[in-house]
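Below you'll find the structure, written out as structure tokens, and then a few comments.
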Amino acid sequence: MRFNVVLRYMGIVMLLVAVFLLVSSVISLVYGVDTGFYPLLLSAVMAGALGGFPLIFVEKADSLNIKEGYAIVVGGWLAACFVGTFPYLLWGGQFDIPTAWFESVSGFTTTGSTSLSDIEALPKSLLFWRSCTHWLGGVGVVMFVLVILPSLGRTKMTLSSVELSPLARENYKYKSQKIVRILLTLYAGMTVSAALLLGLCGMDWFDAVNHAFSCVATGGFSTRNLSLAYFDSAWIEVVTMVFMTLSAIHFGLIFATFTGNRNNIFRSEVVRFFLGTIVVGGILVSVNLFTTGFYPSFTSALRYGMFQSVSVISTTGFATADTSVWPPLAVMVLIYMTFQCGCAGSTSGGIKSDRVWLALKVLRARILQQQHPNAIIRVRLNNVTQDEKVVGFAMLFIVIYIMITTAGTLVVSATGMDLESSFTLVAASMGNVGPGFGQVGSMANFSDISPFVRFCSTVLMLLGRLEIFGLVQLFLIKWWK
């Protein structure tokens, strides 16, 4: 393991963060030099210095091995989260060290939970920086997982094999430079489109850009205390739902759809399963809301039920209603969506629809095997036979994901938090969803949660965003030998 090489690439990440800190300080100038200007400018200088130091003294490496690849990805995420606390701490106000760390990790992991009791008290430049952490976190996942890791050796990268389904990998048989252009073009194009449409629907342009950043990154940070409920606009909600859904689908499939490739969204059974879950789950929630009298008309129930379903399953976490007071069936459907979430290769978190659909296929195969012991039954996904290692790793991931959620619930509930709040806090943090239920509901925040629980939540956010194994391996001593 060449630690100097790892530090060099971590420095590049910090320089990237420094650029966006500088852009945020420019936003402060646009709005009359608000109180966030000097904290952001000083933070940009500090991040630039920290990032530039290893670039000066460490030579560029011609190649990277598998361990260095993992270390760079995880180290880059941790470095970004660390540097992201600088402007919050320098600004002061509602921020202390636990609050700044929580806000930074929640931003970069695109979780969207907040420990601020009054978001609107922040200057516009800091609000823009919060949204930038989402946008960087969303594109960072796509860039690192789908570009850097596969380029280090696909045959040796189990994580990459699980993250990319065989159908999705067909859309990335290009050189790394072209993949970067494809991803950045899609990501930026969707962000610009979302901002324009939100602006045309009635948002002012500052709010439109910030919500577009959060929407396409499936993050959930808002510039308003009431999230999207503040705007109370059906058109804004429709636009947001469309982009939340698109952002939760594999970017390679979106690219293939636009370029006329036959391996596209319409032919992907994983995407059909994901969209089917939205439709069925959203209708169940809506019918339950209407029949229990939460909304006077089915149209209103459908509006709020579908929006919250898409918001949760895409792991965005925008809110238009207080879901904590919803009936039990609606709550249970949303909790299930908190676990399944979007597709691999998107900006969403959670177990991923790919693994859930694969698990259902494995279950069917095992039942058939019991009925026909001598039959050779293979698991196929998108008409491609899945390798046993890929299937086994996916099942292992689901088991470990549930075990961590259970263990996290035990730890959080031991602090005195009620079971509903504890369980949904852990599940929402692991899935990078944001809101849970009870004390951490869609209209609540983490300001009254203890610093210890908030720290546990940030660990879970990082575990979920880094697909568990990437972060865990850094703490295995034998792995470094």
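The values are calculated or read from the model by the stated rules, or taken from the named source; none is laboratory data. Here the structure is a predicted model, which is why all the values come from computation and not from measurement. A quick note on method: Cβ atoms are made from the backbone with ideal geometry, for glycine too, and the neighbour counts reach across all protein chains shown. Protein only, heavy atoms only, side chains kept; ligands, DNA and RNA dropped before computing areas. Shrake-Rupley method; radii C 1.70, N 1.55, O 1.52, S 1.80 Å.
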P(r), alpha carbons of the chain - 10 Å bins starting at zero, rounded %: 4, 20, 32, 27, 13, 3, 1, 0
The chain, accessible surface, carbon-and-sulfur percent (1.4 angstrom probe): 67 percent
Computed lengthening from ASN261 to ALA375, 0.36 nm per intervening residue step minus Cα-Cα distance: 37.5 nm
Inter-site label distance for VAL26 and SER233 at 7 Å from Cα along Cβ, in nm: 2.6 nm
Accessible area per residue in Å² at 1.4 Å probe, computed on the range 259-345: 38 Å²
Flagged links, alpha-carbon separation over 23 Å, of LYS352/LYS389; LYS67/LYS361; LYS124/LYS352: LYS67/LYS361; LYS124/LYS352
Cβ-defined net charge surrounding ALA444, 14 Å radius [Lys, Arg +1; Asp, Glu -1]: -4
Förster-model FRET efficiency, 30 Å R0, LEU363 and VAL279, C-beta, rounded to 0.05: 0.85
